[in-house]
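Beneath this line is the structure, given in structure tokens, with notes to follow.
The values are calculated or read from the model by the stated rules, or taken from the named source; none is laboratory data. Every value quoted in this text rests on a predicted model; they were computed, and no experiment measured them. Glycine gets a Cβ as well: all are built from the backbone with ideal geometry, and neighbour counts include every protein chain shown. Heads up: the accessible areas ignore ligands, DNA and RNA and are worked out on the full protein's heavy atoms, side chains in. Shrake-Rupley method; radii C 1.70, N 1.55, O 1.52, S 1.80 Å.
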Amino acid sequence: MSIRSSKQSQRRLLQKVGIGFAVVVALSVAGYWGNKTVQSYLGQSAIASTGLKVMSLPDALEVAKSTQKLVLADMSAIWCPTCRRLDKEIFSSEIVKAHIQQSYVFARIEYDTPEGESFRDTYDVEGFPTLLVLDDNANKLVQLPLVFEPQEFTNNLQKVSKAVSY
């Protein structure tokens with residue numbers, strides 16, 4: 001084998017490795033974006049299934065002032081399976097929705113947004129889903145425990161409502 005054919009063989013091998021690497025990278029990127037798209041779709045569907053009016057935190061605080069209600073702030077991520085479970089099992093429950101609509105203004109803060117970053121910094125939130133009850137001046141009153149049983153969740157909301165008098 002000549003030096004020239006050896007260099008050609010090395011060049012072909014490098015080309016094959018480069019093409020293989022590019023294919024792996026392209027498939028990884030496509031898989032990531034495909035998964036994110038599916039997870040986002042599932043998250044949007046779960047939110048829509050709750051039937052709750054979703055507000056930004058500033059809008060919810062404004063409504064809370066005029067109605068003398070508390071704000072239930074839900075820090076979630078659209079792609080988070082646990083957040084979808086919370087939407088499907090808790091926020092879709094008629095007993096939970098009735099209590100929220102009676103005593104609270106519901107705000108959903110999306111983790112991957114500037115509002116989410118500000119919320120995390122302001123309230124020292126480290127993960128999601130995180131449920132905070134705020135007064136109409138945006139003061140944190142309590143962080144609710146994460147539960148997936150509607151009656152238990154409603155009981156927790158009622159305890160906070162009763163403890164705070166307007």
With the cut-off at 1.5 for a/c, could you classify the range 103-151 from its C-alpha gyration tensor as rounded, prolate or oblate? oblate
Tell me, what HN-Hα J-couplings in whole Hz come from the Karplus equation 6.51 cos²θ - 1.76 cosθ + 1.60 at θ = phi - 60° for each residue of the range 120-129, using x for Gly and Pro? 4, 5, 5, 9, 6, 8, 10, x, 8, x
Tabulate in residue order the Karplus-calculated ³J(HN,Hα) for the range 134-151, using 6.51 cos²θ - 1.76 cosθ + 1.60 with θ = phi - 60°, rounded to whole Hz; enter x for Gly and Pro. 10, 7, 6, 9, 6, 7, 6, 9, 6, 9, 6, x, 7, 10, 10, 10, x, 5
Counting only residues 5 or more places away or on other chains, whose amide H sits under 5 Å from the amide H of LEU141 once H atoms are built in the peptide plane? VAL133, LEU134, ASP135
What does the C-alpha gyration tensor say about the overall shape of the range 57-166? Classify as rounded when a/c is under 1.5, otherwise prolate if a/b is larger than b/c, or oblate. oblate
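Could you tell me the calculated FRET efficiency between ASP59 and VAL17, based on Cβ-Cβ distance and R0 = 45 angstrom, to the nearest 0.05?
The calculated FRET efficiency here is 0.25.
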Accessible heavy-atom area order of ILE78, ILE19, highest first, probe of 1.4 Å: ILE19, ILE78
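Rank these by accessible area, largest first, 1.4 Å probe: PHE21, PHE153.
Largest to smallest exposure gives the sequence PHE21, PHE153.
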Using 0.36 nm per residue, how much length does the chain from LYS88 to LEU146 gain when fully extended, once their Cα-Cα distance is taken away? 19.5 nm
What distance in nm lies between label points placed 7 Å from Cα along the C-beta direction at ASN139 and ASP121? 2.3 nm
Excluding PRO114 itself, what net charge comes from residues whose Cβ is under 13 Å from its Cβ, given Lys and Arg +1 and Asp and Glu -1? -4
Taking θ = phi - 60°, what integer Hz values does the Karplus form 6.51 cos²θ - 1.76 cosθ + 1.60 yield along the range 108-117, in sequence order, with x for Gly and Pro? 10, 10, 7, 3, 8, 10, x, 4, x, 5
